[in-house]
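None of the figures in this text is laboratory data; all of them are computed from the coordinates on show. Just so it is clear, the structure is predicted and the values come from calculations on it, not from any experiment. When we count neighbours, we look across all protein chains shown, and the Cβ atoms used for this are built from the backbone with ideal geometry, even at glycine.
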Amino acid sequence: MHETSIVNSIMRTLELEFEAAQLHKMSAIHLKVGILSNIEPRLLHNAYSAYHLSDPTYQHVALHIESTSLKIQCDICSHITDVENYRFICAHCGRPSKNVIQGEEMLIHKVEFIDD
């Protein structure tokens, strides 16, 4: 299950970015996960829950996952199209496009902290 390594990577990233005192005040992690990222949100939640068993430090930290839709930008007319049914066709000019601008990402979008 590669979601476990993704959770470990997320936590390492946060530990590199924030000081220990800040990490203890962390209350929520918000992720954006594209539908083409090959990440299943349910499995990511399960892996995050299992992470708490090995490191209860972050047991109070909620994980929120937002799935992002698939969007392309036409190389010819620059129109941005929401891809439906995996049809990579520009809605404006009708030409095919491989220029994916959203839907492949997995990123830490926001981190929330408890105010003192």
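Taken one residue at a time, the phi angles of segment 40-57 give Karplus couplings (6.51, -1.76, 1.60, θ = phi - 60°) of 8, x, 4, 5, 5, 4, 4, 5, 5, 4, 5, 4, 4, 5, 8, 9, x, 4 Hz. Gly and Pro are set to x. Within a straight-line Cα-Cα reach of under 20 Å, Lys71 can be paired with the following lysines, leaving aside sequence neighbours fewer than 8 residues apart in one chain: Lys32, Lys98.
Rounded to the nearest 5, the antiparallel percentage of DSSP beta bridges internal to segment 2-113 is 65%. Checking every one of the chymotrypsin sites (Phe, Trp or Tyr not before Pro) in segment 24-96 against DSSP loop status and a limit of 13 other Cβ atoms within 10 Å picks out Tyr86.
Every pair of different Cα atoms in segment 1-71 enters the Kirkwood calculation, which places the hydrodynamic radius at 12.8 Å.
Of all segments of the chain bounded by GluC sites (Glu not before Pro) found in a DSSP loop with no more than 14 other C-beta atoms within 10 Å, the longest spans 20-103. Residues of segment 65-81 with an amide N closer than 14 Å to a point placed 7 Å from the Cα of Arg87 along the Cα-to-Cβ direction: 81.
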